[in-house]
Amino acid sequence: MIRLDKALANIGYGSRNEMKRLIKSGRVRVNGEVITNPTVHIQEETDELMIDDKPVTYQKYFYFMLNKPAGVISATEGRDTTVIDLIDENIKGLFPCGRLDKDTEGLLMISNDGELTHQLLSPRNHIEKEYYVEHSIPLSAYDVEMLENGISSGADNFRPAKYEKVSDHACRLVITEGKYHEIKRMFLAMGNQVTYLKRLRMKTLVLDPALKPGEYRPLKPEEVKALQD
Ligand code: URA
């Protein structure tokens with residue numbers, strides 16, 4: 001048996017004091033009954049806990065795939081709406097795995113697993129990130145060569161990218177670094193401009209086409225496993 005506030009804090013929903021306040025405000029149910037006394041003892045393995053009518057799961061790490069909409073920032077807090085604001089779950093400590101620009105759409109993993117996030121973002125691991133890019137000017141053969149061989153422009157150096165033409169004004173690009181505004185800066189270095197950008201894949205994780213911008217879903221166990229391998 002364990003105190004209700006301690007059980008929730010242990011699972012990672014917040015500090016003991018936060019959990020006391022949460023319980024007192026009547027948002028927690030145990031086996032269907034609202035409990036407002038944080039000192040009530042529960043049976044961790046068998047009692048069913050709910051916060052705001054959502055089941056509490058005894059899980060340490062959580063992984064979500066978000067289709068980031070434009071207009072939302074890749075941060076945990078700020079004056080603008082953040083990607084974390086879009087995740088309607090009672091889970092503390094979630095953060096985005098990397099950053100997409102405010103106007104960029106597409107795949108963003110949201111998790112509280114710092115180790116996996118670090119592995120995926122470490123520049124040393126050269127993790128593939130695939131984007132759908134629309135650009136203002138058609139690319140010349142020379143531009144494509146630059147993209148594929150790596151661009152050096154002033155102080156900017158970009159590693160070689162994999163390029164696949166979609167149309168005169170659109171392509172798919174796979175990059176292996178995660179520099180600030182990387183793709184926009186690559187196109188600027190070619191005298192071109194990105195007019196739309198969407199991330200489609202990170203390593204093995206492919207954006208689920210069923211997710212509309214702003215929607216998310218938990219990762220499947222095999223998707224998590226593939227990212228960890
Ligand atoms: N490159 C960019 O320029 N912006 C992004 O959001 C991601 C990659």
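Among the residues of region 164-180, the ones that are at pLDDT below 95 and touching a strand residue (DSSP E or B) at 6+ places or on another chain (Cβ under 9 Å) come to 3 in all. Taken over region 167-188, residues that are more than 12 Å from the ligand (Cβ to nearest atom), surrounded by fewer than 18 Cβ atoms within 10 Å (Cβ to Cβ) and not polar (S, T, N, Q) amount to 4. Remark: pairs (first residue in region 183-211, more than 15 Å from Leu100 (Cβ to Cβ); second residue assigned to a strand (DSSP E or B) and charged (D, E, K, R); Cβ separation under 7 Å; 6+ apart in sequence or on different chains) = Ala189/Asp156; Thr195/Glu134; Asp208/Arg217. Being within 12 Å of the ligand (Cβ to nearest atom) and of a type outside the set (Phe, Trp, Tyr) is a condition met by no residue of region 203-214.
Here Pro123 passes the criteria (1) within 22 Å of Thr76 (Cβ to Cβ); (2) loosely packed, with under 14 Cβ neighbours inside 10 Å; (3) modelled with pLDDT of 95 or more except the one numbered (3). Which one is surrounded by the fewest Cβ atoms within 10 Å (Cβ to Cβ) among residues in region 50-85 that are within 19 Å of Pro209 (Cα to Cα) and within 11 Å of the chain's Cα centre (by Cα)? Only one residue fits best here, namely Phe64.
How many residues does region 47-75 contain that are among the β-branched types (Val, Ile, Thr), assigned to a loop (DSSP other than H, G, I, E, B) and at pLDDT below 95? Steps first, please.
Our first condition is that a residue be among the β-branched types (Val, Ile, Thr); within region 47-75, this holds for 51, 56-57, 72-73.
In the following step, the residues that additionally are assigned to a loop (DSSP other than H, G, I, E, B) were identified as 56-57, 72.
Still in the running and at pLDDT below 95: 56-57.
Number satisfying all stated conditions: 2.
Restricting Lys68, Lys102 to those that are of a type in the set (Lys, Arg), within 16 Å of the ligand (Cβ to nearest atom) and in contact (Cβ under 8 Å) with a residue 60 or more places away in the chain reduces the list to Lys68.
Just to be sure, is Tyr132 over 29 Å from Ile51 (Cβ atoms), touching a Leu at 6+ places or on another chain (Cβ under 7 Å) and either not in a loop (DSSP other than H, G, I, E, B) or not charged (D, E, K, R) (or both)? So Tyr132 passes the test. Taking the criterion of being assigned to a strand (DSSP E or B) and of a type outside the set (A, V, I, L, M, F, W, C), the residues of region 135-181 that qualify are His135, Ser152, Ser153, Asp156, Asn157, Lys162, Tyr163, Glu164, Lys165, Ser167, Arg172.
The values are calculated or read from the model by the stated rules, or taken from the named source; none is laboratory data. Nothing here was measured: the structure is a model prediction, and the numbers come from that model. Here Cβ is always computed from backbone atoms with ideal geometry, including for glycine, and neighbour counts include all displayed protein chains.
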